[in-house]
Amino acid sequence: DGGLRRTEAEEDVDMGDDFEGLEGVNLEAFDVPLREWIAQAQTRNEIQRKFRKFLSEFREGEEFLENFDDLDEAGQKRRERLEATTPPTYEDRIRHMCSSNRAALEVSYLHLMQTVPILALWIDEAPRDMFDVLNEAATRHVLRLFPSYHTIRDEIHVRVSDVPILDSLRDLRTSHLDGLVKVSGVITRRSGVSPQLKMAFYDCIKCKFTTGPYRCDDTSSSSTGPEGGDRDASEENAL
């Protein structure tokens, strides 16, 4: 298992090193429901490319708000000097996160709206799908900076802060389902927290062949061995 994890981590780093050179995709050119569009491989890759570019380039401060191409020659030189002495905001946050062995990367909604507004808008409309893509992108980006961090944390989780609209609990309706909402209140009762299984191996009961790993939401993959035949003749491998 350790050898497998090292291989996966190395693949993540290899795939991550060339994200800046990937050809862009027009995210706004779609004629299917948004969640179906986000699920497509080319869309996921473009979302990850834009998000990782944001992580590697965004710098907080009024002096970085103006578009570089709109500056005159003196302004461009001044910006270049500032960029040389000011680390990217989120790569700096990643370093602090890793120094504390944490797995949550907090990203400002306002920063996303300022730089890549389409990602912020899609987080509003399809948060579950978007966070799945952003978590994968953040994990790869962290592994690019710290290739051995997979030995400490398997996955990085993106958390969004500074959402500008605060909804009242009394105003929540069915239209808010599957969307991003921000509420304020006092928690009086909560349910238990159960672990979530994301990847699994399966042992064929008949031939003892092990298959996987599979994503636990993947119902299309076969979990039987070459001689097992019946898909139901397998059991989950608790690795």
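The values are calculated or read from the model by the stated rules, or taken from the named source; none is laboratory data. All values derive from a computational prediction rather than experimental measurement. FYI the Cβ positions are ideal-geometry reconstructions off the backbone, even for glycines, and counts take in every protein chain you see. The area values use the complete protein model at the heavy-atom level, side chains included, leaving out ligands, DNA and RNA. Shrake-Rupley method; radii C 1.70, N 1.55, O 1.52, S 1.80 Å.
In this rough spin-label picture, where each label sits 7 Å from Cα along the Cβ direction, the GLU125-ARG95 distance is 3.7 nm.
Ranked highest first by average number of other Cβ atoms within 10 Å, how do 78-85, 49-56 line up?
Values: 78-85: 11.8, 49-56: 20.2.
Result, highest mean Cβ count within 10 Å first: 49-56, 78-85.
Annotation: peptides 107-114, 184-191, ranked by per-residue average of other Cβ atoms within 10 Å with the highest first, follow the order 107-114, 184-191. Between HIS157 and ALA104, LEU105, the built amide H atoms are under 5 Å apart, and every one of these is 5 or more places off in sequence or on another chain.
What net charge do the residues around PHE58 carry, taking every other residue with its C-beta under 12 Å from that of PHE58, with Lys and Arg at +1 and Asp and Glu at -1? In short, 0. Here the spin labels are modelled as points 7 Å beyond Cα on the Cα-Cβ line, and at LEU172 and LYS77 they lie 5.6 nm apart.
Can you send over the carbon and sulfur percentage of the accessible area for the stretch 28-126, probe radius 1.4 Å, protein chains only? Provide the component values of the computation, followed by the final result.
Numbers: 2580 of 5610 Å².
Roughly 46 percent, rounded to a whole number.
In this simple spin-label model, placing a label point 7 Å from the Cα along the Cα-to-Cβ direction at both LYS182 and ASN26 gives a separation of 3.2 nm.
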